[in-house]
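What follows is one structure encoded as structure tokens, with my remarks underneath.
The values are calculated or read from the model by the stated rules, or taken from the named source; none is laboratory data. Since we're looking at a predicted model, the values are computed, not measured. Don't worry about glycine lacking a Cβ; one is built from the backbone with ideal geometry, like all the others, and counts go over all protein chains shown. When the accessible area is computed, the model is the full protein with side chains, heavy atoms only, and any ligands, DNA or RNA have been set aside. Shrake-Rupley method; radii C 1.70, N 1.55, O 1.52, S 1.80 Å.
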Amino acid sequence: MKRGLGDWSLLSGPNKDGSRHIGIRVLPDAARQIHARGHIVVNKMYERSVDRGAISNARIGDVFDVRFDGDKGWWVWQDDVRLGRLTWSLSSFETREWRGGMPRIDEGTLQVIRLVVDAGGIVVNAGGIVRPLGDAIPPVKKAVPDAQEYVPTLRAVVGIEGGVRVAKENVDGSPRVGRQPAPLPRSRRSIWERLTGH
């Protein structure tokens, strides 16, 4: 008998093909906390690698094995069935000027917190939190840490001579209090600026 999908939040969709993403939302603040623990948030597996028959049985809360194939792929396994390949590459672990590298996990577990469901209600892909082998796996409802959400807005200041100055600011969008607003994201430099150092 097939397990039901459960009552999880709609994360995105329905898309043009009728698919939708359901599960537990991971805010940027929570993703940073997960990353700081040496764990990685995975949105889904590489679509063309997914075993559609096997992944259709996946449900939020399931735990699968993750193993590096020794070449360039990280695969998700359920016992001896290969479910699909993660979208990582070797360069994902290298620190770049514009981003830090991910922690490298060659043997670990994937705790499912996100499902991709097609128009017919069948699971076609999954994502979650990858942890090194041996790290404790909490109950799924405690897998994502509490996070503060900030809503970017614009603030306009009108000068005495009628000039208008508009600035971005982050407004606390969460009922939790006591935390400072997140800093504004760094401006992205063009490829030319990165190459020339200007």
Taking the residues in the range 30-70 that are of a type in the set (S, T, N, Q) and within 17 Å of the chain's Cα centre (by Cα) as candidates, determine which candidate is most open to solvent (accessible area, probe 1.4 Å). 43
Looking only at the range 1-29, which residues are open to solvent by 40 Å² or more (accessible area, probe 1.4 Å) and of a type in the set (Ser, Thr, Tyr)? 9, 12
Number of positions in the range 10-39 that are modelled with pLDDT of 90 or more and part of a strand (DSSP E or B): 6
Options 88, 74; residue that is open to solvent by less than 80 Å² (accessible area, probe 1.4 Å), at pLDDT below 90 and touching a Leu at 6+ places or on another chain (Cβ under 7 Å): 74
Out of curiosity, is residue 80 of a type in the set (Asp, Glu), modelled with pLDDT of 90 or more, out of contact with any strand residue (DSSP E or B) (no Cβ under 8 Å at 6 or more places or on another chain) and loosely packed, with under 14 Cβ neighbours inside 10 Å? yes
